[in-house]
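*Asks:* I have a structure I would like to understand better, so I am pasting it below and will then ask my questions one at a time.
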Amino acid sequence: MVYLGIDFGTSGARAIAINTNKEIIAQVNYTWSEHNSTQEWEHALWYLLRELPHQVRKDLKAIAINGTSATVLLCDEAGLPITAPLLYNDSIAESILAQLRAHAPPEHLVLSPTSSFAKLLWWSQQHIFKQAKYFLHQADWLAFLLHGIPGISDYHNALKLGYDVQNLRYPDWLTDLPIAFILPRVLAPGQAIAPVRENEYIPSDYIVCTGTTDSIAAFLASGANQPGEAVTSLGSTLVLKLLSETYVENLASGIYSHRLGKLWLTGGASNTGGAVLKHYFSETELITLSEQINPDTNLNLDYYPLLKAGERFPINDPQLLPKLEPRIEEPHLFLQGLLEGIAAIEQRGYRLLSELGATPLSKVYTAGGGAKNLTWQQIRADRLQVPVVASLNTEAAYGSALLASAIEVAQL
């Protein structure tokens, strides 16, 4: 049997097929020319399926799709888009922030112009809304193209719509609104929806599952699966995600939890990260200078590496200034100070999660470009005092394939 995961990310789409041993047996890539086009999304979906090897398509058992969080669209009764999608980072709802605050509880996750709920509320005031029947996330709509049942989402994508993941229901403040009729039905991620509609690309006897977001799919791919295990993403920014037995939320510090089966995935994102390193050093310099660093020594410069004022997590302070003094003349020592500073922020972030009640950190998997830097890995391990290892797999499509391999059959 074969399980397929498809990742619709910011730069392109990718399909990864795995067997029952969770081994990758095929993968296909597609690069965007126009990311905000549902026509291109659909074209990419069929392209990825069509380009899979014949035997993979023949043995396919289930499929799950992930999309970027809070990328949404309005559809008509037939499930056809009636708007261009609003992307994950679209802040078009900035003009109605006061209305958002009038509807949602104080400090709620949806009180952001980029949230799914903010975009829905903004759309509800446009003339086109009269034609709308379904409000869907990117992953929801792509899955609908396969199974043909509009109006179904998952509780990972629906979190920024206002869905209550603790009680597995929409809250009263949301269902009491006149726009509640358009809210999708929410199922668990990876839950079976229906067999695929017959199409020319793959057999019609495989199951389409609910999906997830791209960041959670990447977490699933990492190998972390026990309470206390975490994934640190060392990309342009620093993102921490920790598996916890307890629900943790502190929206003032940018901390919230996704439900992950019987566990919770909690964390936050800092403005520090690889973008700061690349501001001062080229890729080649980062490699050569890291080799000159002695990670057994600690400079204790107490840097807080930021490109500009403002931090989200573990300190929520829009006025927080970068701290990069005293400036060390030797390039490799200045780099060491930056690496130590980011490691200290990572340590502070995991400590804050624990102080708020999350399961204590026991192991860290590392993803992102910084995962290749072994010197930095040792600096971080010394700070965190837990094993720090590279993620087993960093592809979100692989995480979605794992989700598809654990399907839960449900009667709809």
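*Asks:* Among the residues of segment 364-412, which ones are among the small types (G, A, S), more than 17 Å from L4 (Cβ to Cβ) and either part of a helix (DSSP H, G or I) or at pLDDT 95 or above (or both)?
*Replies:* Answer for segment 364-412, where residues must be among the small types (G, A, S), more than 17 Å from L4 (Cβ to Cβ) and either part of a helix (DSSP H, G or I) or at pLDDT 95 or above (or both): G369, G370, A371, A381.
Yes/no matrix, rows are residues, columns are (1) at pLDDT 95 or above; (2) of a type in the set (S, T, Y); (3) touching a helix residue (DSSP H, G or I) at 6+ places or on another chain (Cβ under 9 Å):
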| site | (1), (2), (3) |
| --- | --- |
| I6 | yes, no, yes |
| G9 | no, no, yes |
| R14 | yes, no, yes |
| A17 | yes, no, yes |
| V28 | yes, no, yes |
| S37 | no, yes, yes |
| Y47 | yes, yes, no |
| E51 | yes, no, no |
| Q55 | no, no, no |
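*Asks:* Hey, L361 hits all of (1) within 20 Å of S244 (Cβ to Cβ); (2) modelled with pLDDT under 95; (3) in contact with a Phe, Trp or Tyr (Cβ under 9 Å, 6 or more places away or on another chain) but one; which does it fall short on?
*Replies:* (2)
*Asks:* If you don't mind, another one. If I filter segment 265-281 down to residues being in a strand (DSSP E or B) and without any contact (Cβ under 8 Å) to a residue 60 or more places away in the chain, which single residue comes out as surrounded by the fewest Cβ atoms within 10 Å (Cβ to Cβ)?
*Replies:* Per the stated criteria, the residue is A269.
*Asks:* Please specify each residue of segment 163-211 satisfying the condition of being polar (S, T, N, Q) and open to solvent by less than 20 Å² (accessible area, probe 1.4 Å).
*Replies:* Selection gives T210 alone.
*Asks:* Kindly list the number of the only condition in (1) under 21 Å from A404 (Cβ atoms); (2) among the charged types (D, E, K, R); (3) open to solvent by 50 Å² or more (accessible area, probe 1.4 Å) that fails for D214.
*Replies:* (3)
*Asks:* Looking only at segment 225-261, count every residue that is aliphatic (A, V, I, L, M) and over 28 Å from R169 (Cβ atoms) and tell me the total.
*Replies:* Quick first cut of segment 225-261, residues aliphatic (A, V, I, L, M) only: 230-231, 234, 238-240, 242-243, 248, 251-252, 255, 260.
Remaining after also requiring over 28 Å from R169 (Cβ atoms): 230-231, 234, 238-240.
Selection size over segment 225-261: 6.
*Asks:* Also, quick follow-up: Going through segment 282-316 one residue at a time, which ones are open to solvent by 50 Å² or more (accessible area, probe 1.4 Å), assigned to a helix (DSSP H, G or I) and aliphatic (A, V, I, L, M)?
*Replies:* Within segment 282-316, I287 is the sole residue that qualifies.
*Asks:* Residues N21, N36: which one is touching a residue at least 24 places away in the same chain (Cβ under 8 Å), in a loop (DSSP other than H, G, I, E, B) and surrounded by fewer than 17 Cβ atoms within 10 Å (Cβ to Cβ)?
*Replies:* Working: N21 fails: touching a residue at least 24 places away in the same chain (Cβ under 8 Å).
Within the list N21, N36, the selection yields N36.
The values are calculated or read from the model by the stated rules, or taken from the named source; none is laboratory data. This structure is a prediction, so every number in the text was calculated from the model and none was measured. No Cβ is skipped: glycine too gets one built from the backbone with ideal geometry, and neighbour counts run over all protein chains shown. Please note that ligands, DNA and RNA were not included when accessible areas were found on the heavy atoms of the full protein model with its side chains. Shrake-Rupley method; radii C 1.70, N 1.55, O 1.52, S 1.80 Å.
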